[in-house]
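One structure below.
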Amino acid sequence: MRWIDKYRRIEKYRRMVNAIIVSIFILVIIIIGRRMENLTNRKCKPDTFTGIAMGTNIKKTIYSESAKQNETVNKAVDQALLELDNQISVRLNDSEISKCNQNHAVDGVYKLSDNLLEAIRQELQISKESGGAFSPCIRPITNLWGIEDGKTEIPEMNRIQNTLQYIDAENIEVTEEGIIFREDGMSIDFGATGKGIACDELVKLLADYDVQGAILSIGGSIAVYGNKGDGKAWHVGIQDPRGDEGEVLGVLDIKENTMISTSGDYEKYFEVDGKRYHHIFDPSTGYPVDNGLISVTIISDSGFLSDVLSTTCFVLGLDKGMKYAEDKGAEAVFVTADKEVYVTKGLQKTFHLQNKSYTLENEKK
């Protein structure tokens, strides 16, 4: 019987040791979990900074553990925006893209930085997929109308027709060496993608700093990074396209690391005989888009995609635009001149209409 007693004692000790090991393991998991929760949901002080960059208003709300850290991050963001502007801004005569537009030779290869060439490649792909609804070389038409510069006259039809040859994206080629223009008088313009590109760059920058979260607004593009430390979603308002600046059409519940871009006919425009002429042009006609839409908002994990799609889908119109947004894996909010609001399926629980003068059409289906 001694061997039985010995076996029982060994088994008893084994169970005790296993119980202790399991208890320690559970305790370690609890401690790690609490530390991770504290790291994720730590209460951080937000600071908001405003300014002007890339030709538009900038607003940055940054969440970190100190005002000093927030200020450091703010300065880094400003520096990054300045460097990007020096590459892509057509408003700066000595920017990289302005020099390209001024100095390229027809059928010659003009060398550009790799990030600019990659952006143009993506733009050309969007242009092809959308049947020409987007053009990365729309600048000659933009200059002809001059709406961004405050002009309020409709150009003569023959001048518009003569300018169309300069905005055909099929006359641009990107190689490993650089960009080639097949027509004289062409120029590249990052006006429909630059702010989204900036959002992508800034999110990368924020990841290099000890930042809990941030929401960065660059004109019509917004980057949401991280979280606020309270475990709640971000709430981002969409501008009422027929309201005063800051008046909200609806609110989006947004998760971390999300980009939002809006294009609308209310941003830059003039009116003649009750008709609105705005800054979003149809590359096939050279005239401002007139298809019943007044605003398109795109939500994506890519700033570039959200920015370029907000313009492209506006030009495509409601039906084609909504389908294209969904095909590209993005969510969207479309607003018509009849004050009807349409959202993609993924937003039907996270978009909340605030202005009751509009109708959320998806609720009728």
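The values are calculated or read from the model by the stated rules, or taken from the named source; none is laboratory data. For clarity, every value in this text was computed on a predicted model and none was experimentally measured. Neighbour counts run over all protein chains shown; Cβ positions are idealised from the backbone, glycine included. Note: areas computed on protein heavy atoms with side chains; ligands, DNA, RNA excluded. Shrake-Rupley method; radii C 1.70, N 1.55, O 1.52, S 1.80 Å.
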How many of the residues in segment 291-303 are surrounded by fewer than 24 Cβ atoms within 10 Å (Cβ to Cβ) and either assigned to a helix (DSSP H, G or I) or without any contact (Cβ under 8 Å) to a residue 12 or more places away in the chain (or both)? 0
Which residues, taken from segment 114-138, are closer than 14 Å to Thr312 by Cα and outside any loop (DSSP other than H, G, I, E, B)? Gln122, Glu123, Leu124, Gln125, Ile126, Ser127, Lys128, Glu129
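For (1) among the small types (Gly, Ala, Ser); (2) open to solvent by less than 50 Å² (accessible area, probe 1.4 Å), each residue gets a yes or a no:
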residue	(1), (2)
Glu96	no, yes
His104	no, yes
Asp114	no, no
Leu117	no, yes
Gln122	no, no
Phe134	no, yes
Gly146	yes, yes
Gln165	no, no
Glu176	no, no
Residue, least open to solvent (accessible area, probe 1.4 Å), within segment 310-365, restricted to residues that are of a type in the set (Lys, Arg) and assigned to a helix (DSSP H, G or I): Lys323
Scanning segment 148-163 for residues that are outside any loop (DSSP other than H, G, I, E, B) and open to solvent by 10 Å² or more (accessible area, probe 1.4 Å) gives Glu148, Asp149, Met157, Asn158, Arg159, Gln161, Asn162, Thr163
Only one of (1) without any contact (Cβ under 8 Å) to a residue 24 or more places away in the chain; (2) closer than 26 Å to Leu164 by Cβ is not met by Glu245, so which one is it? (2)
Identify all residues within segment 272-290 that are open to solvent by 20 Å² or more (accessible area, probe 1.4 Å), hydrophobic (A, V, I, L, M, F, W, C) and within 19 Å of Lys339 (Cβ to Cβ); write none if there are none. none
Could we say that Gly226 is open to solvent by 40 Å² or more (accessible area, probe 1.4 Å), touching a residue at least 12 places away in the same chain (Cβ under 8 Å), more than 14 Å from Lys59 (Cβ to Cβ) and in contact with a helix residue (DSSP H, G or I) (Cβ under 9 Å, 6 or more places away or on another chain) here? no
Filter segment 22-56 for residues that are basic (Lys, Arg) and surrounded by 11 or more Cβ atoms within 10 Å (Cβ to Cβ); the one that is modelled with the highest pLDDT is Lys45
Within segment 57-91, track down each residue that is at pLDDT 90 or above, open to solvent by 30 Å² or more (accessible area, probe 1.4 Å) and outside any helix (DSSP H, G or I). Asn57, Lys59, Tyr63, Ser66, Val90, Arg91
Per the filter on segment 231-250, residues open to solvent by 20 Å² or more (accessible area, probe 1.4 Å) and either of a type in the set (Asp, Glu) or touching a Cys at 6+ places or on another chain (Cβ under 6 Å) (or both) are Asp244, Glu245, Glu247
Quick check on my filter: what residues within segment 106-134 are more than 18 Å from the chain's Cα centre (by Cα) and polar (S, T, N, Q)? Ser113, Ser130
Asp253: surrounded by fewer than 19 Cβ atoms within 10 Å (Cβ to Cβ) and closer than 30 Å to Leu206 by Cα, yes or no? yes
